Amino acid sequence: MNFFEIIKENLQNFLRENTKITAGITILLVALAVFAFASGIFQEKKKQETFVFPEQIPFSAVENFFPPKEDSITEDYYFSREQNSVWSKDEFDRWFSVPSKENVEALGKSNEKIANEILGAAP
C-alpha cells in the first residue's frame, strides 16, 4: 500500500465511525459557503474616483518669458546665432581640455563592454 491509500482508508474509517462529527463539519462548511456567496452578491459596490488627465487641465504659465537684460544682445540672437567654425586660442583654452591617455582607454573599454553586451546574444 502506498501513502495515499493509507490516508484514504484512515479517512473512510473515521467518517464511518464518527457520523455526528462528519455531519457537523459538512453542515458548517455548507453554511460558510452559503454565507460567502450571499455576502458577495449583496455587497455594496464602491464608486470609483474619476481621474482627470493632464491634457484636460489648461496650461497656465507661472511667469511670462522675458529676454535677458543686456543691451548688446539683439532679438535676432535668440533664434539665429551664428557659430564660428573655428575656435580662437582663448576659447580653446577656456572650453576644451585634452583628455589623458588613461581617460581615453577607460572610455574605450566601457564602449567595448557596451558593444559586447549588445552583440553578446547575436549569432
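Among residues of region 13-32 that are in a helix (DSSP H, G or I), those with a beta-carbon under 7 Å from a residue that is of a type outside the set (Ser, Thr, Tyr) at least six positions away or on a different chain give the pairs Thr22/Leu15. Considering only residues of region 92-103 that are part of a helix (DSSP H, G or I) and surrounded by fewer than 10 Cβ atoms within 10 Å (Cβ to Cβ), which is modelled with the lowest pLDDT? Residue satisfying both the conditions and the ranking: Trp95. Does Asn116 satisfy being over 35 Å from the mean Cα position of the chain (by Cα) and either at pLDDT 80 or above or surrounded by fewer than 10 Cβ atoms within 10 Å (Cβ to Cβ) (or both)? Against the criterion (over 35 Å from the mean Cα position of the chain (by Cα) and either at pLDDT 80 or above or surrounded by fewer than 10 Cβ atoms within 10 Å (Cβ to Cβ) (or both)), Asn116 does not qualify. Only residues that are polar (S, T, N, Q) and surrounded by 10 or more Cβ atoms within 10 Å (Cβ to Cβ) were counted across region 1-45, and they come to 6.
The values are calculated or read from the model by the stated rules, or taken from the named source; none is laboratory data. If you're wondering where the values come from, they're calculated on a predicted model, not measured in any experiment. Cβ coordinates were reconstructed from backbone atoms using ideal geometry, including for glycine residues, and neighbour counts include every protein chain displayed.
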